[in-house]
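Below: the structure, in structure tokens.
The values are calculated or read from the model by the stated rules, or taken from the named source; none is laboratory data. The model shown is predicted, which means the values in this text are computed figures rather than measured ones. Here the Cβ positions follow ideal geometry from the backbone for every residue, glycine too, while neighbour counts run over all protein chains shown. Surface accessibility is based on the protein's heavy atoms, side chains included, excluding ligands, DNA and RNA. Shrake-Rupley method; radii C 1.70, N 1.55, O 1.52, S 1.80 Å.
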Amino acid sequence: MSHFFDKTDSPYIIAGPCSIESYAQFSESVEALSQIAGVRMIRCGVWKPRTRPGDFEGLGEEALQWVEQLKQRFPDLLFATEVATPQHLELCLKHGIDAVWIGARTSGSPFSVSELCEALKGLRIPVLVKNPLIPDIKLWAGAIERVLNAGIADVAAVHRGFFLDNNLGYRNNPLWKIPIELKRQHPDLPLFCDPSHICGKAELVAKVSQTAMDLSFDGLMIETHANPADALTDARQQITPRQLASLIAELRIPNKGKNVPDELQLLRQEIDTIDNSLLQLLGQRNDISLKIAEIKRSNNLSVLQLDRWERLLQGHLAEAESMGLNAEYVRRIFEEIHAESVRLQSER
Ligand code: PEP
Ligand code: MN
């Protein structure tokens, strides 16, 4: 179990530039961040996974030497960088990096994760695992489990959103149900949010950071740059150390589940009763659907009756709208209900 990323009432803050670009840029950022209460670890990209060739790919080992120097100047800060290969890891160890993370383009590749894990065996370095680009919880949990199986005690997950068709105005869709499910499966695993890569725009970062706190995330990894406009990578989403300081100061940190007021308790009971009724109704609906399947079969009618389904769906959507319910939400629910009914009737 992890003790390095200890769970406390205040969030564990990791901040720093997307990439180390020069000694001056890096030391200016670190110096400013060292003065912000709550910042415990500096993130700093040394090898950058770029989508297309020709873009800035990081300074490699030269940048690690600067990390070593700054570690001496700021002994209270820890330093972490992204590793994608065993060679990266070896160089990080050589230069005394405190923690590493596996990025979104690597965590989705079981071959790469396995290779890294071979190299991690016997090491004590803390490892953060970002979610893969696609929203496959098994792939994310699988990468985490591989790192745990390599004997790494200090493991944490980092939610950085998913690249989907519809990203809801974000660079990467937060799809909060995925990290929530990861938390359900691994309740003791520290869970970080990287609002920078979710948002893609500096002005959204504070709001997404707050959502992460409301969802009981344990920490934040936020890209900060002394002059975001000049950044060689991810310029639009980086915030200044000053902006980070006010973001941290304004975060509302919820109590961790203690002292539930009576009023909340009562409303929760109501929700539980409603959920229970929903389940009963779904069960009743399935029973009727199976009776319908028998009648369709004996009358040689097809299971799928598209025009009836279309009519029902439009009716539900109109009703939802008149009730002020979100039409997309209602559509998703009825699509699931209908798909289950078709499945039951076809497997009969
Ligand atoms: C990064 O942290 O700079 C990075 C490349 O992130 P991700 O792997 O989440 O895209
Ligand atoms: Mn970045």
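Out of all the residues in region 185-211, which are without any contact (Cβ under 8 Å) to a residue 60 or more places away in the chain, open to solvent by less than 10 Å² (accessible area, probe 1.4 Å), within 15 Å of ligand 1 (Cβ to nearest atom) and not in a strand (DSSP E or B)?
Residues satisfying the conditions are PRO195, ILE198, CYS199, VAL205, VAL208.
Exactly one condition in (1) within 40 Å of the chain's Cα centre (by Cα); (2) in contact (Cβ under 8 Å) with a residue 40 or more places away in the chain is not met by GLN305; state its number.
(2)
Please specify each residue of region 83-108 satisfying the condition of being in contact with a strand residue (DSSP E or B) (Cβ under 6 Å, 6 or more places away or on another chain) and open to solvent by 20 Å² or more (accessible area, probe 1.4 Å).
ASP98
Going through LEU182, LEU133, LEU128 one at a time, which residue ends up being assigned to a loop (DSSP other than H, G, I, E, B), modelled with pLDDT of 95 or more and within 18 Å of PRO195 (Cβ to Cβ)? Lay out the reasoning, then the answer.
Values: LEU182 fails: assigned to a loop (DSSP other than H, G, I, E, B); LEU128 fails: assigned to a loop (DSSP other than H, G, I, E, B).
Checking each option against the conditions leaves just LEU133.
Hey, among the residues in region 212-233 that are open to solvent by 10 Å² or more (accessible area, probe 1.4 Å) and farther than 20 Å from VAL129 by Cα, which one's farthest from ligand 2 (Cβ to nearest atom)?
Filtering first and then ranking leaves ASP214.
Of ARG331, ARG311, which residue is part of a helix (DSSP H, G or I), open to solvent by 90 Å² or more (accessible area, probe 1.4 Å) and at negative phi? Break it down into steps so the answer makes sense when it comes.
Working: ARG331 fails: open to solvent by 90 Å² or more (accessible area, probe 1.4 Å).
The conditions single out ARG311.
Counting just the residues of region 53-112 that are over 19 Å from the mean Cα position of the chain (by Cα), closer than 18 Å to ILE13 by Cα and among the acidic types (Asp, Glu), which one comes out farthest from ligand 1 (Cβ to nearest atom)?
Of everything passing the filter in region 53-112, ASP76 is farthest from ligand 1 (Cβ to nearest atom).
Check LYS177, LYS201, LYS207 and return the single one that is within 16 Å of ILE134 (Cβ to Cβ) and out of contact with any strand residue (DSSP E or B) (no Cβ under 6 Å at 6 or more places or on another chain). Spell out how you get there, then give the answer.
On the way: LYS201 fails: within 16 Å of ILE134 (Cβ to Cβ); LYS207 fails: within 16 Å of ILE134 (Cβ to Cβ).
Only one candidate passes the filter, namely LYS177.
Scanning for something open to solvent by 40 Å² or more (accessible area, probe 1.4 Å), more than 16 Å from ligand 1 (Cβ to nearest atom), closer than 18 Å to SER209 by Cβ and under 24 Å from the mean Cα position of the chain (by Cα), does region 11-20 turn up at least one residue? Walk me through how you get there before you give the answer.
Taking region 11-20 and keeping what is open to solvent by 40 Å² or more (accessible area, probe 1.4 Å), we get none.
No, region 11-20 contains no residue that is open to solvent by 40 Å² or more (accessible area, probe 1.4 Å), more than 16 Å from ligand 1 (Cβ to nearest atom), closer than 18 Å to SER209 by Cβ and under 24 Å from the mean Cα position of the chain (by Cα).
Looking at ALA141, ALA153, which is the one that is open to solvent by less than 10 Å² (accessible area, probe 1.4 Å) and more than 23 Å from SER209 (Cβ to Cβ)?
On the way: ALA153 fails: open to solvent by less than 10 Å² (accessible area, probe 1.4 Å).
That would be ALA141, the only listed residue that is open to solvent by less than 10 Å² (accessible area, probe 1.4 Å) and more than 23 Å from SER209 (Cβ to Cβ).
Keeping to region 212-239, report how many residues are more than 14 Å from ligand 1 (Cβ to nearest atom), in contact (Cβ under 8 Å) with a residue 60 or more places away in the chain and either in contact with a Phe, Trp or Tyr (Cβ under 7 Å, 6 or more places away or on another chain) or of a type in the set (Val, Ile, Thr) (or both).
Residues that pass the stated criteria total 3.
Here is a check on your reading of the model: is ALA63 without any contact (Cβ under 8 Å) to a residue 24 or more places away in the chain and either of a type outside the set (Val, Ile, Thr) or open to solvent by 50 Å² or more (accessible area, probe 1.4 Å) (or both)?
no
Can you tell me which condition LEU91 does not meet? The list is (1) within 16 Å of ligand 2 (Cβ to nearest atom); (2) under 30 Å from ARG73 (Cα atoms), and all the others hold.
(1)
What are the pairs, 6+ residues apart or on separate chains, where a residue within region 1-21 that is more than 13 Å from ligand 2 (Cβ to nearest atom) and of a type in the set (Ser, Thr, Tyr) has its Cβ under 8 Å from a residue that is open to solvent by less than 10 Å² (accessible area, probe 1.4 Å) and not in a loop (DSSP other than H, G, I, E, B)?
SER2/VAL155; SER2/ALA156; TYR12/MET41; TYR12/PHE192; TYR12/GLY219; TYR12/LEU220
For LEU267, are the conditions met, namely being of a type outside the set (Phe, Trp, Tyr) and in contact with a helix residue (DSSP H, G or I) (Cβ under 8 Å, 6 or more places away or on another chain)? Please lay out each step first, then the result.
On the way: of a type outside the set (Phe, Trp, Tyr): yes; in contact with a helix residue (DSSP H, G or I) (Cβ under 8 Å, 6 or more places away or on another chain): no.
Here the answer is no, as LEU267 does not meet what is asked.
Consider LYS130 carefully, then state whether it is more than 20 Å from ASP9 (Cβ to Cβ), open to solvent by less than 30 Å² (accessible area, probe 1.4 Å), within 16 Å of ligand 1 (Cβ to nearest atom) and of a type in the set (D, E, K, R).
Details: more than 20 Å from ASP9 (Cβ to Cβ): yes; open to solvent by less than 30 Å² (accessible area, probe 1.4 Å): yes; within 16 Å of ligand 1 (Cβ to nearest atom): yes; of a type in the set (D, E, K, R): yes.
It is true that LYS130 is more than 20 Å from ASP9 (Cβ to Cβ), open to solvent by less than 30 Å² (accessible area, probe 1.4 Å), within 16 Å of ligand 1 (Cβ to nearest atom) and of a type in the set (D, E, K, R).
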